[in-house]
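**Q** Please see the structure below; I have some questions.
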Amino acid sequence: MPWLPAPQRDSPEEIRAAHQALVYAGHSGGEAAAALKAHLYRVRAASASRRDTVLAGFLAGAAIAVGLALVVLVATFIIVVAFGPGAPVWTSGGVVVVRPADNPGTADTPAADPGDASRAPTLDMLVAAATIEVLLGLAGAGLALVSRDRWRRAGALQTFTDLDLERRAWLQTLAVWLPIGGLMLLAVGRQSGEEVAQGAVIALAFVGVPLLAVLFDFTFPSLYRWVLPRVSRLDAAVLARPIIELESARRIRAERQTYSRSAYHGALYDQGAWADEVLARLDTSRTGKRRR
């Protein structure tokens, strides 16, 4: 499938130049590769359009919902096997209910109709799955926007090393989860029967939603990092290279001024000459942009 392999969005020439700049600044090859990979994600997350950000976040959140649904299906299958073959299983407000198959019923509680038992789980599970899919997709879209604004405010598009990560991101994350949690409580309350609605809502409010939020926030970043380049066609390396080269050149110049010569003088390639070339080129580029 062409969508599964990592797409080559970033220019290889720009990646090589940025990696070389980090090596000139004193990083080892492995450190430079890891730092470049991390910054490419920050630049991509900060520069992606709102449409791509929302779409990638929604897909990542929906994928988490699919994973949770598979876990529920496996758990339901295990319960059915544990209670023996023929045990009717259905959901009531998202809560799995199992009743032994040999329950004949009484005068007050007649035996369940097999047809009703087969239709109930199908309808309830489809409604619950669709609801969770949409709500977690919306949560993913909200968290993706939070990540985009966070890296923009931190300065990922202006600097490589002096990122100012604000601590208010958790407030924005909370602002995303409050309406999502409220909609989940509302959905459970509407789908549950009167006998379980109150207990299910209380359990979901104090245990279910907080645990789901923790699990989601733990899983979402890596999944969003995987989905974003498959949705956005942005070439992050083109934007990241000038930032990395500028800071690397400034570091080399500062070392040369401090020690009266380049710290790498005598190497195969004089990093001091490279730093002068980069600074001159970037100064010319900024001057041209101001004139335009």
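The values are calculated or read from the model by the stated rules, or taken from the named source; none is laboratory data. Here the structure is a predicted model, which is why all the values come from computation and not from measurement. Here Cβ is always computed from backbone atoms with ideal geometry, including for glycine, and neighbour counts include all displayed protein chains. Surface accessibility is based on the protein's heavy atoms, side chains included, excluding ligands, DNA and RNA. Shrake-Rupley method; radii C 1.70, N 1.55, O 1.52, S 1.80 Å.
**Q** In segment 232-241, which residues are crowded, with 21+ Cβ neighbours inside 10 Å and under 12 Å from residue 49 (Cα atoms)?
**A** Residue satisfying the conditions is 232 alone.
**Q** Sticking with this structure for a sec: Taking the options 17, 65, 21, 60, name whichever one is in contact (Cβ under 8 Å) with a residue 40 or more places away in the chain, among the small types (Gly, Ala, Ser), assigned to a helix (DSSP H, G or I) and closer than 14 Å to residue 231 by Cα.
**A** Exactly one residue qualifies, and that residue is 60.
**Q** Please count how many residues of segment 137-192 are open to solvent by less than 50 Å² (accessible area, probe 1.4 Å), assigned to a loop (DSSP other than H, G, I, E, B) and closer than 25 Å to residue 32 by Cα.
**A** Residues flagged as open to solvent by less than 50 Å² (accessible area, probe 1.4 Å), assigned to a loop (DSSP other than H, G, I, E, B) and closer than 25 Å to residue 32 by Cα within segment 137-192 amount to 5.
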